[in-house]
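Worksheet: the structure to be examined is printed underneath.
The values are calculated or read from the model by the stated rules, or taken from the named source; none is laboratory data. Model, not experiment: these values are computed from the prediction. Positions of Cβ are backbone-derived with ideal geometry, glycine not excepted, and every protein chain shown enters the neighbour counts. These accessible areas exclude ligands, DNA and RNA; they are computed on the full protein's heavy atoms, side chains included. Shrake-Rupley method; radii C 1.70, N 1.55, O 1.52, S 1.80 Å.
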Amino acid sequence: MRCFIRVCCLFVVGACLAQEGQPFTAQKEFYIHGNATVIGNNSLSKDAKAPFDKADKVNDEYKMVYVDIDDDLSTHSSSSARLLIDESVKIKYAALYWAGTYNGAQSVKKYKDKRTFYRIKQERQHDPRLIKFALPGQDYTSIEGNLIFDAVTARNRMIKSYRPYVCMADVTSYLQGLSKKSGSYTVANVSATQGYILGGSSAGWMLYIVYENEQDPLRYITSYHGLEFVNKQPVDILFSNFKTPEIGAVNSSVTLAVLEGDNTLKRDKVGVYDPEKDTFVLLDNKVRASDNFFNSSITIDDQIFDQRQPNSSNTLGFDIAQLAIPNPDNTIISNQANKLTLRLASRSDRFFVFFTAFQTNLSQDFNPQIRETKEVIVAPPTPSTPVPEEVLSQPALEQVVDSPSTEATEIAKIQNSTAVSIPTLEKGYYIVTNVFSSESNAKRWAAKLRRMSYRPEVVQRPDNGLYYVYIDKGLNVPTLYEKLAKARKNPALTTSWMLKINMD
């Protein structure tokens, strides 16, 4: 029997509060004969006790109230989920996460001059770190979680309007002390905004469990957490530090937890990078469509996980998904593979991803003691990478924790990037501010830039048909980079990047 556990990367909570999100960090790695499972439930819904199954509106059209099933006056929210697990296995790790959009205790929607306005009626009433946790057949235990992220100081207007937070508590010892692990787990006092907010309010909790079982194959299991706002920019997560078997089937799966995925809004996607085809293969199954992956549901493989109270099929913006990665004939994850890139993207629905995990069967001769020690985290696209409609067709990107991006490294990436061909333009490096599939939208954006005293130009890229709006160009990358850095100080241009054109 082999079981190796490695704590991967810790972070300082205070450092995240000044950022617009918390970059994902790897938490723990396991090389173990065992497996991982997950349960959870939402904490906001249209009704306090009854399951909610409709999907006829976007989330912000529903007036949200706390789910509260326990009839306990000391709690303001509560929901439960049932864990079914072989009692002979050994719990090696159990992490409890809870998250919500919490810009105030109450928010209302007003109409004036045919326009809709949202107003906070009551400020936050509870510390989001403080919850109650009940094990099967036991009373509540009070828990103070670690604050992974709280958007109270966010400058981004969209993030600030939601004010999402994420908390986590290591509850391994709680589960290891149980004589019977299967049963109903309840989490109370998860806080969020009741009423109406733009985009809809959402909240919920998740219990992620890694266990050892001598009968299971040798597996690599890792989990990451943080908070990334997925809107126009895709988010890449690279898993490494493993090696799949030399022969035989490669069986892998992922687990994801997300806030604010609407059931009725589409164009949110999850893809796995296929190095042979140099593209991302979209994930889907019977309950999650490839173009509407995050659809306000809690699912295990191809089924809605309904062992919950309430067992709503529409969890109104709270998603948990655990699913196998389709890998026929090892065409996506090959034998002896040692890394995998997951990409999350959206062109309509906006969402916050706060947890992801990956697992795969391992080569029997893989020795985790001699592998590389660098940990890889979420890598948003570098400034040289455009983000058009087909964001999932772009090459994968990597970022190493102990090699943070600096001006010099970013300039080097720009200079070493692959040039695109646009015959109507001079060769050089171009500061691009946005990309559009519609020429009229690109021209409207250019007009806005002119009002800000820029001199934008619009050009169509022939290989993808998209319209790029750039504000400067040249051959001297360091000089252009200074202009790019200055442009990014403009709140409207923070995602500008540099594109290499006709240089190869």
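Which pairs have Cβ atoms under 9 Å, sit 6 or more apart or on different chains, and link a residue in region 41-58 that is within 13 Å of Ala203 (Cβ to Cβ) to one that is basic (Lys, Arg)?
Listed pairs, sorted by first residue: Asn41/Arg308; Asn42/Arg308.
Restricting attention to region 454-472, does a residue exist that is of a type in the set (A, V, I, L, M), open to solvent by 60 Å² or more (accessible area, probe 1.4 Å) and modelled with pLDDT of 90 or more?
To start, the set of residues in region 454-472 that are of a type in the set (A, V, I, L, M) comprises 458-459, 466, 469, 471.
Restricting the remaining residues to those that are open to solvent by 60 Å² or more (accessible area, probe 1.4 Å) gives none.
Within region 454-472, not a single residue is of a type in the set (A, V, I, L, M), open to solvent by 60 Å² or more (accessible area, probe 1.4 Å) and modelled with pLDDT of 90 or more.
Quick check on region 340-379: of everything there that is charged (D, E, K, R) and closer than 17 Å to Phe24 by Cα, which residue is modelled with the highest pLDDT?
Narrowing region 340-379 to residues charged (D, E, K, R): 343, 347, 349-350, 365, 371-372, 374-375.
When the remaining residues are screened for being closer than 17 Å to Phe24 by Cα, the result is 343, 374-375.
Numbers: Arg343: 92, Lys374: 30, Glu375: 33.
Ranking the candidates gives Arg343 first.
Please go through region 95-118 and give me each residue that is surrounded by fewer than 20 Cβ atoms within 10 Å (Cβ to Cβ) and either touching a helix residue (DSSP H, G or I) at 6+ places or on another chain (Cβ under 6 Å) or β-branched (Val, Ile, Thr) (or both), ordered by number.
Val108, Thr116
Go through Ser184, Ser179 for me and flag whichever is open to solvent by 10 Å² or more (accessible area, probe 1.4 Å) and under 18 Å from Ala81 (Cα atoms).
Numbers: Ser179 fails: under 18 Å from Ala81 (Cα atoms).
It is Ser184.
What do you reckon, is Asp291 open to solvent by 40 Å² or more (accessible area, probe 1.4 Å), at pLDDT below 90, within 25 Å of Gln233 (Cβ to Cβ) and under 17 Å from the mean Cα position of the chain (by Cα)? Don't jump to the end; show me each part of the working.
Working: open to solvent by 40 Å² or more (accessible area, probe 1.4 Å): yes; at pLDDT below 90: yes; within 25 Å of Gln233 (Cβ to Cβ): yes; under 17 Å from the mean Cα position of the chain (by Cα): yes.
So Asp291 passes the test.
Just for region 195-212: of the residues that are modelled with pLDDT of 95 or more and in contact with a Lys or Arg (Cβ under 9 Å, 6 or more places away or on another chain), which one is most open to solvent (accessible area, probe 1.4 Å)?
Looking at the filtered set, the residue picked out is Tyr211.
From (1) closer than 22 Å to Ser107 by Cα; (2) open to solvent by 10 Å² or more (accessible area, probe 1.4 Å); (3) modelled with pLDDT under 95, pick out the condition that doesn't hold for Ile159.
Every listed condition holds for Ile159 apart from (2).
Being of a type in the set (Lys, Arg), part of a loop (DSSP other than H, G, I, E, B) and either over 25 Å from Leu178 (Cα atoms) or out of contact with any Ser or Thr (no Cβ under 6 Å at 6 or more places or on another chain) (or both): is that true of Lys57 here? Please lay out each step first, then the result.
On the way: of a type in the set (Lys, Arg): yes; part of a loop (DSSP other than H, G, I, E, B): yes; either over 25 Å from Leu178 (Cα atoms) or out of contact with any Ser or Thr (no Cβ under 6 Å at 6 or more places or on another chain) (or both): yes.
Yes.
Any idea which of Leu218, Leu283, Leu227 is open to solvent by less than 40 Å² (accessible area, probe 1.4 Å), among the aliphatic types (A, V, I, L, M), closer than 30 Å to Arg124 by Cβ and in contact (Cβ under 8 Å) with a residue 24 or more places away in the chain? Working first, answer last.
Values: Leu218 fails: closer than 30 Å to Arg124 by Cβ; Leu283 fails: closer than 30 Å to Arg124 by Cβ.
The unique qualifying residue is Leu227.
What pairs can you find where one residue is in region 172-185 and under 22 Å from Arg308 (Cβ atoms) and hydrophobic (A, V, I, L, M, F, W, C), the other is modelled with pLDDT under 95 and open to solvent by 70 Å² or more (accessible area, probe 1.4 Å), and their Cβ atoms are less than 6 Å apart, with a gap of 6+ or different chains?
none
For region 266-284, state whether one or more residues are under 17 Å from the mean Cα position of the chain (by Cα) and more than 30 Å from Trp497 (Cα to Cα). It would help to see each step written out before you state the result.
Restricting attention to region 266-284, the residues satisfying the condition of being under 17 Å from the mean Cα position of the chain (by Cα) are 266-273, 280, 282-284.
So of that shortlist, the ones also more than 30 Å from Trp497 (Cα to Cα) come out as 284.
Yes - at least one qualifying residue is present in region 266-284.
If I ask for residues that are farther than 19 Å from Ala151 by Cβ and open to solvent by less than 10 Å² (accessible area, probe 1.4 Å), which ones from region 119-133 would you list?
Phe133
Looking at region 223-260 only, could you name the residues that are modelled with pLDDT of 95 or more, under 26 Å from Gln22 (Cβ atoms) and more than 13 Å from the chain's Cα centre (by Cα)?
Passing the criteria: Ser252, Ser253.
Here is a list of conditions, (1) surrounded by 24 or more Cβ atoms within 10 Å (Cβ to Cβ); (2) closer than 22 Å to Asp216 by Cβ, and Gly317 meets all of them except one; can you say which number that is?
(2)
One residue is enough: does region 236-259 have a residue meeting the conditions under 30 Å from Gly195 (Cβ atoms) and either of a type in the set (D, E, K, R) or surrounded by fewer than 21 Cβ atoms within 10 Å (Cβ to Cβ) (or both)? Steps first, answer last, please.
Initially, region 236-259 is screened for residues under 30 Å from Gly195 (Cβ atoms), giving 256-259.
Within this subset, residues satisfying the condition of being either of a type in the set (D, E, K, R) or surrounded by fewer than 21 Cβ atoms within 10 Å (Cβ to Cβ) (or both) are none.
No.
Please go through region 466-485 and give me each residue that is part of a helix (DSSP H, G or I) and either in contact with a Gly (Cβ under 7 Å, 6 or more places away or on another chain) or more than 19 Å from Gln415 (Cα to Cα) (or both), ordered by number.
First, pick out the residues of region 466-485 that are part of a helix (DSSP H, G or I): 477-485.
Result: Leu480, single match.
Can you say whether Tyr174 is among the aromatic types (Phe, Trp, Tyr) and in a strand (DSSP E or B), as far as the supplied structure shows?
Details: among the aromatic types (Phe, Trp, Tyr): yes; in a strand (DSSP E or B): no.
No.
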